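Here's the structure, in structure tokens; my notes come after.
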Amino acid sequence: MKYSLRELYFYSVSFVMLLILVLGVYQLIDAGMTFWEPRYEPPVYESKLRLEEEIRQKYPALEEGEIKERVERQMEEMAENEKERQAYYRWRNLVRAAALVLISLPLYLYHWRKVRSGGAKSNLD
């Protein structure tokens, strides 16, 4: 059985698009599952001690209560930034996976229908 160059092209593109589609569906499921995963919380104690020491070195004139207040405020800001960062990456991964599926699916279907209908055969045969 001899295949034309056109048929090989359609089979090859169909195969590659099918692989990308499967990868996209896997990534879509994986990205969707991350919305139910527990969020990462950085270790507070070590960060708090390090931050407290940095503030003491920067501002030696501050009283102990002011240092504790600044540490708490900065720890809250860091926690909020981390939550926002995690949410951003979760949504970004979900959109990326959806884009893979939305782009590869029509391309796969088009090329595979051409192969199945015989439209991939060359008129030169």
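Nothing in this text is a laboratory measurement; each read-out follows from the coordinates by a stated rule. In this text the structure is predicted, and so the values were computed from the model without any measurement. Note: ideal-geometry Cβ built from the backbone for every residue, glycine included; neighbour counts use all protein chains shown.
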Fill in the blank from the handout: Put in order of increasing Cβ neighbours within 10 Å, starting from the fewest, Tyr3, Tyr88 give Tyr88, Tyr3
Fill in the blank from the handout: For the chain, the helices passing both cut-offs (Cα extent along own axis of 20 Å or more, Kyte-Doolittle mean at least -0.5, full DSSP H runs) are 5-33
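Lys pairs in the chain, Cα-Cα under 27 Å, at least 8 apart or on separate chains: how many? Provide the component values of the computation, followed by the final result.
Numbers: Lys2/Lys114; Lys2/Lys121; Lys48/Lys58; Lys48/Lys68; Lys48/Lys83; Lys58/Lys68; Lys68/Lys83.
Qualifying lysine pairs in the chain: 7.
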Completion exercise
Other residues with Cβ under 11 Å from the Cβ of Lys114 give, with Lys and Arg +1 and Asp and Glu -1, a net charge of +3
Exercise for the section: Identify which of the listed values of Cα Rg over 2.2 N^0.38 Å was calculated from the structure shown: (i) 1.41; (ii) 1.16; (iii) 1.99. Expected result: (iii)
Practice task
Give, as a single signed number, the net charge of other residues whose beta carbon lies under 9 Å from the beta carbon of Tyr59, with Lys and Arg counted +1 and Asp and Glu -1.
Solution key: +2
